[in-house]
2 protein chains.
Amino acid sequence: MKPTVHDIASEAGVSLATVDRVLNGRPGVRAPTRERVLAAIQKLGFVRDVAAANLAKGRVYPLVFIVPANDNSFMAALRGEIAAAGMRGAQERTAISILTVPAFDIPALVRALDAARAEKPAGVAVVAIDAEPVREAVARLAADGIPVVTLVSDLPDSARSHFAGIDNEAAGRTAGSLMGRFLDGRRGAIGIIVGSLDVRDHRERLDGFRAAISAPYPDLSLLSPLEGRDEPERVHQMVSRLLAEEPELLGLYSLGAGNRGLIRALEERRPARPIRVIAHELTPHTRGALETGLIDTVLNQDAGHEVRSAIRVLKARADGQPVIAAQERIRIDIFLKDNLP
Amino acid sequence: MKPTVHDIASEAGVSLATVDRVLNGRPGVRAPTRERVLAAIQKLGFVRDVAAANLAKGRVYPLVFIVPANDNSFMAALRGEIAAAGMRGAQERTAISILTVPAFDIPALVRALDAARAEKPAGVAVVAIDAEPVREAVARLAADGIPVVTLVSDLPDSARSHFAGIDNEAAGRTAGSLMGRFLDGRRGAIGIIVGSLDVRDHRERLDGFRAAISAPYPDLSLLSPLEGRDEPERVHQMVSRLLAEEPELLGLYSLGAGNRGLIRALEERRPARPIRVIAHELTPHTRGALETGLIDTVLNQDAGHEVRSAIRVLKARADGQPVIAAQERIRIDIFLKDNLP
DNA sequence: CTGTTAGCGCGTTCAC
DNA sequence: GTGAACGCGCTAACAG
């Protein structure tokens with residue numbers, strides 16, 4: 001039979017309360033007593049039953065998620081996943097609230113962070129914008145002892161305690177590596193559509209893509225990136241013009257959102273000369289385009305995984321427990337029309 | 001506050017025990033009483049706390065895993081994942097035992113299934129061989145009320161209640177789809193290495209690959225598959241000869257195991273004309289080959305996911321609870337050197 | 001500093 | 001048929 005706290009207590013000759021204090025690293029135990037308990041734990045190979053602990057604790061973790069009110073499918077999916085996590089809140093002892101802020105709006109984001117801080121939650125998850133005022137707002141939360149994790153887009157050199165998202169530089173390299181293989185041996189140009197170079201994930205993807213193409217494939221030239229602001233309408237206009245004006249175009253890399261516009265532009269002028277297209281985020285739109293062959297490959301970050309990871313990390317940090325980084329790595333998924341989930 | 005059995009009891013005007021009987025579908029409750037309880041559950045939106053239930057039950061699930069004693073990295077990893085799940089057994093209330101059987105040995109597999117049956121476990125997971133005697137042994141387990149899930153390799157038209165593995169036909173199509181894009185516009189031959197055409201997953205992968213190449217890429221011809229028996233030595237010989245004798249070779253698809261041999265052959269005669277190589281299963285060997293550029297792409301099934309999924313399904317079936325199929329889908333991972341985990 | 005005690009939400013004997 | 005009471009493994013007051 002699996003040992004319990006009772007076994008530890010009698011083995012160490014102390015009471016349950018003392019065992020509990022040692023287990024949870026709380027004060028009020030003399031060093032020698034603690035040693036005895038630790039020895040008993042070692043000897044009996046005790047592993048605490050987390051479910052029972054949670055049951056007894058009955059603690060709830062108020063968590064605030066701050067996400068942009070963006071009109072693209074990925075952000076909608078992200079908000080959906082957060083809402084879904086909220087529904088499960090009862091079972092996971094979390095109380096999740098969502099704050100939506102205008103996209104790419106630094107002052108609004110700062111206000112939201114300060115508003116979250118006023119509620120004194122157990123933790124905050126935020127889709128960050130890479131700017132100094134945001135860094136300062138995060139520092140204020142950290143100063144209050146409220147852990148912050150960045151979601152999807154990171155904020156390096158800040159007080160955030162974790163980033164729940166993919167390695168965007170690697171994602172860009174992956175896209176470049178694939179595009180290079182697709183176009184190997186050909187000579188021509190590749191168009192790039194970004195959302196905004198103010199957000200860190202887009203900048204990093206661009207860097208990675210460039211690195212993977214420039215050196216190994218000198219015959220492929222990269223056009224300067226078009227900023228679509230993640231807005232379908234704007235992306236549509238830019239891509240339409242690009243398709244019309246650039247006859248040498250061999251490939252297209254869309255590293256932001258708003259792919260609805262990209263797909264419409266491709267549909268409207270399906271060029272005689274086929275174009276290889278790589279985009280990000282598996283949404284109903286990109287999935288459809290994969291199936292019809294308009295898009296070749298979609299790189300994806302699983303919004304559900306990111307949200308659940310953020311919650312796990314926040315709860316762990318709120319309890320002062322360590323996080324196994326490797327276990328919280330978000331992978332870069334690659335989808336063709338053939339391996340769609 | 002989340003409703004508990006107490007709330008249900010008082011709402012329905014009955015005792016805790018009665019609520020419990022209704023919840024677990026046990027006899028000893030008159031129909032009208034049951035209705036009242038059900039109504040209360042509906043009204044309050046009660047969801048039972050599974051953790052607390054397990055705590056009270058103290059039930060453990062004895063599970064038997066039957067896997068081939070194969071010498072390749074994938075099977076080794078699979079066995080490792082099962083062992084790891086066994087370590088977590090205490091926390092997850094499972095008691096996992098592993099039975100290893102000689103590879104491709106039908107009578108031995110049947111004996112193992114019957115041995116498992118004698119232990120009366122809560123469930124059995126098995127890497128199946130597609131043969132009639134195996135089907136019969138599975139039927140015997142099912143007749144005893146012991147749920148069986150197939151792992152990695154399926155056994156269709158049998159009494160197995162679930163398959164924890166990837167869609168191998170889709171995996172083959174994915175490989176073909178990638179290979180086609182890599183070699184688009186070129187004219188030449190593609191070599192195929194299989195383990196054995198007697199095993200179901202390999203046959204399905206081959207079919208998928210052929211379907212994805214033949215029609216869309218008429219300029220690419222497929223050589224007849226070489227049977228490497230998943231043995232590195234044999235694969236090495238076959239690939240070496242192929243590389244020497246087939247000057248037109250543009251690509252190589254290795255859909256079985258024994259990739260150690262493939263990689264050695266490629267290393268020994270790195271051809272001036274580059275060859276596109278796609279293989280299955282991310283192992284230390286294929287990972288290394290991805291990093292050095294010897295292999296372009298690896299398709300992977302996550303052994304850890306498969307094992308954990310099998311356990312979840314087995315526990316659910318043992319409790320007579322339904323399984324959300326979509327949630328247990330094992331995805332086909334695609335790895336380039338750039339998105340390695 | 002340490003021990004006692006009363007639950008957390010649920011399952012399960014036993015009586016009634 | 002139905003209900004009261006105890007316990008699963010752990011935490012958290014409250015005493016001492």
Would you please give the residues with an amide H less than 5 Å from that of B:Ala103, counting only those at least 5 places away or on a separate chain, with H modeled from the backbone geometry? B:Ala69
Taking each residue of B:126-138 in turn, how many C-beta atoms of other protein chains fall within 10 Å of its C-beta, and what is the average? 0
If one takes the longest principal axis of the Cα atoms in chain B, at what angle in degrees, from 0 to 90 and to the nearest 10, does the Cα axis of helix B:259-268 lie? 20
Solvent-accessible area of A:Thr292 with every protein chain in place, 1.4 Å probe, in Å² to the nearest 10: 90
Taking a probe of 1.4 Å, how large is the accessible area per residue of the protein assembly as shown, in Å²? 44
Report the one residue of A:Asn54, B:Leu223, A:Pro156 whose Cα lies farthest in the direction of the positive end of the charge dipole of the protein assembly as shown (charges on C-beta: Lys and Arg +1, Asp and Glu -1; origin at the Cα centre). A:Asn54
On the full set of protein chains, 1.4 Å probe, figure out the accessible area of B:Val67 and give it in Å² to the nearest 10. 0
Heavy-atom accessible area of the stretch B:5-48 with neighbours in place, 1.4 angstrom probe: carbon+sulfur share in percent works out to 54
Taking chain A as the reference, fit the longest principal axis to its C-alpha atoms, fit the long axis of helix A:31-44 to the helix C-alpha atoms, and give the angle between the two in degrees, 0 to 90, nearest 10. 70
For peptide A:43-56, what's the mean number of Cβ atoms from other chains within 10 Å of each residue's Cβ? 3
Carbon and sulfur %, accessible surface of the stretch B:191-259 computed with the full protein complex present, 1.4 Å: 46
Counting pairs of alpha carbon atoms under 8 Å apart in space and at least six apart in sequence, what relative contact order in percent does chain A give? 14
Among B:Ala279, B:Gly304, B:Leu252, pick out the residue whose Cα is farthest towards the positive end of the charge dipole of the stretch B:231-325, where Lys and Arg carry +1 and Asp and Glu carry -1 on C-beta, about the Cα centre. B:Gly304
Backbone HN-Hα couplings from phi across the stretch A:144-160 [Karplus 6.51/-1.76/1.60, Hz, Gly and Pro as x]: 7, x, 9, x, 10, 10, 8, 10, 6, 10, 8, 9, x, 6, 10, 7, 4
Three-way shape label, the protein assembly as shown, alpha-carbon gyration tensor, a/c 1.5: oblate
I'd like the mean, over residues of A:330-337, of how many other protein chain beta carbons sit within 10 Å of each residue's own Cβ. 6
Calculated diffusion of chain A, Stokes-Einstein form, Kirkwood radius summed over Cα pairs, 20 °C and 1.002 mPa s, µm²/s: 96
Taking the Cα centre as origin and putting +1 on Lys and Arg beta-carbons and -1 on Asp and Glu beta-carbons, what dipole magnitude results for the stretch B:158-244, to the nearest 20 debye? 180
Got a number for the accessible area of A:Val323? Probe 1.4 Å, square angstrom, nearest 10. 50
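If the convex hull of the alpha-carbon atoms of the stretch A:105-159 is projected onto planes in all directions, what is the mean projected area in square nanometres?
3.2
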Ranked order, B:Thr150, A:Thr18 - accessible area, probe 1.4 Å, largest first: A:Thr18, B:Thr150
Place the peptides A:256-263, B:261-268, B:248-255 in order of packing, highest mean first, counting for every residue the other Cβ atoms within 10 Å and averaging per peptide. A:256-263, B:248-255, B:261-268
Keeping all protein chains in place and using 1.4 angstrom, which order do A:Glu328, B:Glu233, B:Glu227 fall into by accessible surface area, from largest down? B:Glu233, B:Glu227, A:Glu328
If you place +1 on the Cβ of every Lys and Arg, -1 on the Cβ of every Asp and Glu, and leave all else neutral, what size is the dipole of the stretch B:5-48 about its Cα centre, to the nearest 20 Debye? 160
What list of ³J(HN,Hα) couplings, whole Hz, do you get for the stretch A:238-249 from phi and the Karplus terms 6.51, -1.76, 1.60, once you set θ to phi - 60° and write x for glycine and proline? 5, 5, 4, 5, 4, 4, 6, 8, 10, x, 7, 4
Probe radius 1.4 Å, ligands and nucleic acids left out: which of A:Asp207, A:Asp319 has the largest accessible area, and how do the rest follow? A:Asp207, A:Asp319
Is the C-alpha gyration tensor of the stretch A:131-192 telling us rounded, prolate or oblate? Criteria: a/c under 1.5 is rounded; beyond that, a/b larger than b/c is prolate, otherwise oblate. prolate
Cα shape, the stretch A:168-300, gyration tensor, a/c 1.5 rule: rounded
Enter the buried accessible area of the B/A pair, total of both sides, probe 1.4 Å, in Å² rounded to the nearest 100. 3100
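The values are calculated or read from the model by the stated rules, or taken from the named source; none is laboratory data. Predicted model only: the values in this text are computed from it and were never measured. Positions of Cβ are backbone-derived with ideal geometry, glycine not excepted, and every protein chain shown enters the neighbour counts. The protein model used for the area step is the full one, side chains on, heavy atoms only, and it has no ligands, DNA or RNA in it. Shrake-Rupley method; radii C 1.70, N 1.55, O 1.52, S 1.80 Å.
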